[in-house]
Structures are given as C-alpha cells and as structure tokens.
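*Asks:* Before anything else, here's the structure in question.
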Amino acid sequence: MVIGKGVNGGGAAGAAGGGAAPGEGADEGAGAASGAGAASGAGAGAGAGETASRVDEAPSRISFRLDPGSGVPTYLQLVQQVEQALQLGYLARGDQLPRVKDVVGSLAINPNTVLKAYRELEHRGIAAGRPGQGTFVEAAPDVVPLAELTGLRKSMLSWLREADEAGLDPDGMTAVFTAALRDFHERRAATGAPRGSGGRAAPGERRETA
C-alpha cells in the first residue's frame, strides 16, 4: 500500500539523518538520539502500515465462480454464492468478501457488476462496506453443525454415485432432486410440520436446530 511505502521511506530518511552526526562532540549525542528516535518512530509507523496492509490484502475465505449457462444474472450468482457459503458455514460474521478488483481480475467481469452484488448484499443486511478496507459479512444465519453437514454431504455423494450408475446425467440428477425437494415441501406444508421435524408432525415437540 502507499501508506506502508511512505512510512518506510520516512524510516530510511530518519536512519540516514541519525548516522550523519558522528565525530561532532555534543552534536554527536544529539544526532544519535535523534536518529534513534526517528528509527523507533519509523519502526512503529511501519508496523501500523503493515497491519493496515494486511487487513486490506487479507484473502477472503471464498472465491466466486460463474455458470454462464444457468440463466441467472451474474450479480445474483455472486449474491447466491455468498448466501450459500454462509449457510454451509464457510463464511461467518466479520469475514471479508473478495475485493472488487480481485473478483474482476479472476472472473473478467465489469466492476459495476460486483458492486451491484455487494449493494444487494447490503440491502439484505448480509454485508456492509468499511471505508478503505472492503466489504465484510455483517449478519450470518444459524447453521447446521459441521458434523451433520459432513454426514449429509456423504449421503448426497452416495446418492449421486447411484444416480450416475443408473445412467442419469447432471441434468437428470438435478431434475430428480428438484422434484423430490418440491414433494418434500408440499408434504410438509400439508401436514403443518415445522422445519426440523423431517416433514413429520410432532405435536408439542420439535427438534432443536443450531
């Protein structure tokens, strides 16, 4: 960052000034003290500059990918990926989202598209911009514990292998899953079962969710 460079430059100048005084009696002590003070101040300033640089340049915990054939607008794909990362526990409150210039560089898209996605996340109360630092997660939903997510993922992978062996391509797998998910929601709505009950009505009792 420019801040870091400026501070380091001042430190070099201060050290040079302190070293130019030897051999001049009383002035030598003053020059040495001045040089030490400048070097100390520059060191502290450099540390602050490096800290600010680390905050600004810290990598995000997620990276975006685009699916050109999905039919979903690019900015919404970014929004959805942030929401999914939150649901899966990959992102948490306080985490930084990828910087606009990094997203533009990796996906070759217009920076206004990234800004539109981040504005939408702000509108939904999910993220907020911090001047000079970037965009950070402000709110995160309650998520299923990692152990349960891992088990569910293994079950899903097992189902995908069976679907592949049965001859289904990705579109076919998506169609089966979408139909099953629709049936699940319809049955849950018909029984009035609350979320977390597995679609079964359980009067007076509900499974706790994290």
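*Asks:* Based on the mean of other Cβ atoms within 10 Å per residue, sort peptides 76-83, 163-170 so the most packed one is first.
*Replies:* Details: 76-83: 19.0, 163-170: 11.1.
So the order, starting with the most tightly packed, is 76-83, 163-170.
*Asks:* Kindly sort Glu186, Glu122 by accessible area of their heavy atoms, largest first, with the probe set to 1.4 Å.
*Replies:* Largest to smallest exposure gives the sequence Glu186, Glu122.
*Asks:* If the viscosity is 1.306 mPa s and the temperature 10 °C, what translational diffusion coefficient in µm²/s does Stokes-Einstein give for segment 74-192 when Rh comes from Kirkwood over Cα pairs?
*Replies:* Result for D is 94 µm²/s.
*Asks:* Could I have the simple spin-label model distance between Asp164 and Asn112, label points 7 Å from Cα toward Cβ, reported in nm to one decimal?
*Replies:* It is 4.2 nm.
The values are calculated or read from the model by the stated rules, or taken from the named source; none is laboratory data. Predicted model only: the values in this text are computed from it and were never measured. Cβ: placed from backbone, ideal geometry, glycine included. Neighbour counts: every protein chain shown. Surface accessibility is based on the protein's heavy atoms, side chains included, excluding ligands, DNA and RNA. Shrake-Rupley method; radii C 1.70, N 1.55, O 1.52, S 1.80 Å.
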